[in-house]
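Contents: one structure, followed by commentary.
The values are calculated or read from the model by the stated rules, or taken from the named source; none is laboratory data. Everything numeric here is computed off the predicted structure, so don't read it as measured data. Using ideal geometry, Cβ is built from the backbone for each residue, glycine included, and neighbour counts are taken over all protein chains shown. Just the protein is used for accessible areas: all its heavy atoms, side chains included, with ligands, DNA and RNA removed. Shrake-Rupley method; radii C 1.70, N 1.55, O 1.52, S 1.80 Å.
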Amino acid sequence: AQANIGVVGLAVMGSNLARNLASREGNTVAIFNRSYEKTQTLLDEHPEAGFLPAASYREFADTLQKPRTAIIMVQAGKGTDAVIDALVEVFEPGDIIVDGGNALFTDTIRREKAVRETGINFVGAGISGGEEGALNGPSIMPGGSDESWVTLGPILKSIAAVAEGEPCVTHVGHDGAGHFVKMIHNGIEYADMQLIAEAYDLIRRGTGKSPAEIADIFAEWNRGELESYLIEITAEVLRQVDAETGAPLVDVILDQAGSKGTGVWTVQTSLDLGIPVSGIAEAVFARSLSSKPAQRAAARSLPGPDEGLVVADADAFIEDVRQALYASKIIAYSQGFDAIVAGAEQYGWDIKKGDIAAIWRGGCIIRAQFLNRITEAYAADPGLVALVTAPYFADAVARTQQAWRRVVVAAAQAGIPSPAFSSSLAYYDGLRADRLPAALVQGQRDFFGAHTYKRVDRDGTFHTLWSGDRTEIQAVDAH
Ligand code: 6PG
């Protein structure tokens, strides 16, 4: 047995991760794939990696030093369970099975519990950064036991992206914590992408600039406080010309956004946790709306405003949109971190918020300059209840909120959908409101269902006898 780490599943992500591992000092990598063909291809194409191929799970286990450590890189779902079962058969207590796919964290909790009974460690690790990240350095979010981290930590640190000298990996928390945090990462990714898409749409419709010209604007934004991977690649996508038609590629791509599930999970989970992740939810809804061709065709003739977006000063408008994007982005992250806090509490994970922001600075899809500020905010105040209220972010929103309002107003007036911009603003205004009409909702609930309410001026639970003489009584049961 010579390999200190193994990879199971050699599709693009698995192959790239295996090559990344092999390229780092001290690693010898065992590889296994269900069909040997892929194993052979990887061996042929990358002799420099010194891979140790295995033709069976038994051989794979024999190739690995103890404690055996294997990373599964297969499409999340049933396939993952089959691979885990096969590895459990040939592994021994103390060995470590890592699932590097985008598994639903509740599946990871279930799997960790089942595998733990055999004495083997099971680690759900979120891995972000796509194919390129897997090869050159992803951001890695492992859960699982403290014991597994002892062996796994140095290996994962060897392949992770590096941001300001620090590897973008930390032991997030036990069992499903890693996959939970990766799920929230993807939810934030959805919101970020939708916000950027809305910014592009508003600028294009408001100023008539071409995608290539808007690419320049994004490239410029990427030099300021919005600096991030997603802004950078947006400029690249907008600049791309379709070889066949000569049109901007973005104009020939069908406008129906797909998804593989992690954004939906973020929203479903947050709903269960009672956390309003409205920016993320609107990003998910915007994708589903886009993918309803029949409904969109049926609605196409419905009326809109008389006038489209009229922009008097293009540069000023573009700057407003930039500020609206920044403010909305702060809200998306603030909501995402609220969900992390709530998840940690619900599932008993000790998640360090500042560390999560730190490992998102490099390698992952939402990597951005801005994440340093989040780390700083949690370092300054570990008990911070809402990220947007941290001094740096509160100042940023104070400086951008007027522009944000102008953009949302202009979009609504011109009939341009901006669900993520406008819902983020509504969330911000809801959060900072002195009084909310939730008081009326409580009155309505009490009226039709005797659901009771609290009063602002004294303790207790109350009910008005709505169908009687409408006097108020003290209630015992709040429900
Ligand atoms: C990442 C990405 C990655 C993947 C998403 C895309 O962090 O590397 O988030 O996990 O690209 O699954 O999700 P959708 O297909 O749902 O957009």
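What the table shows:
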read-out	value
Set of lysines near residue 66 by C-alpha distance (under 21 Å), chain-local residues within fewer than 8 positions excluded	157
Radius of gyration, Dmax [the chain; alpha carbons; angstrom]	25.4, 87
Under 22 Å from residue 292, Cα to Cα: lysines that are on another chain or at least 8 residues apart	260
Nitroxide proxy distance, nm - points 7 Å out along Cα→Cβ at residue 113 and residue 46	3.6
Per residue accessible area of the chain, 1.4 Å probe, in Å²	46
Carbon plus sulfur fraction of accessible area for region 63-177, probe 1.4 Å, in percent	50
Length gained when the stretch residue 205-residue 467 is fully extended (0.36 nm per residue, less Cα-Cα span)	88.9 nm
Solvent-free Debye scattering, log10 I(q)/I(0), computed from the Cα coordinates of region 228-330 at q = 0.15, 0.20, 0.24 Å⁻¹	-1.08, -1.39, -1.25
Fraction of antiparallel bridges per DSSP, the chain only, in percent to nearest 5	40
Label-point separation in nm, residue 81 to residue 429, each point 7 Å along Cα→Cβ	4.7
Mean projection area, nm², convex hull over Cα of region 211-277	6.4
Angle in degrees between helix 36-45 and the longest Cα principal axis of the chain, rounded to the nearest 10	90
Surface share of carbon and sulfur [accessible, 1.4 angstrom probe, percent] for region 268-375	52
Between 0 and 90°, nearest 10: helix 12-23 axis offset from the chain longest Cα axis	60
On Cα atoms only, tilt of 78-90 relative to the major axis of the chain in degrees	30
The chain: relative contact order as a whole-number percent, Cα under 8 Å and 6+ apart	12
Within the accessible area of region 415-479 (1.4 Å probe), percent carbon and sulfur	57
With DNA, RNA and ligands ignored, accessible area of residue 46 (1.4 Å probe; Å², nearest 10)	30
Contour excess over end-to-end distance, with Cα ends at residue 237 and residue 412 and 0.36 nm allotted per residue	60.3 nm
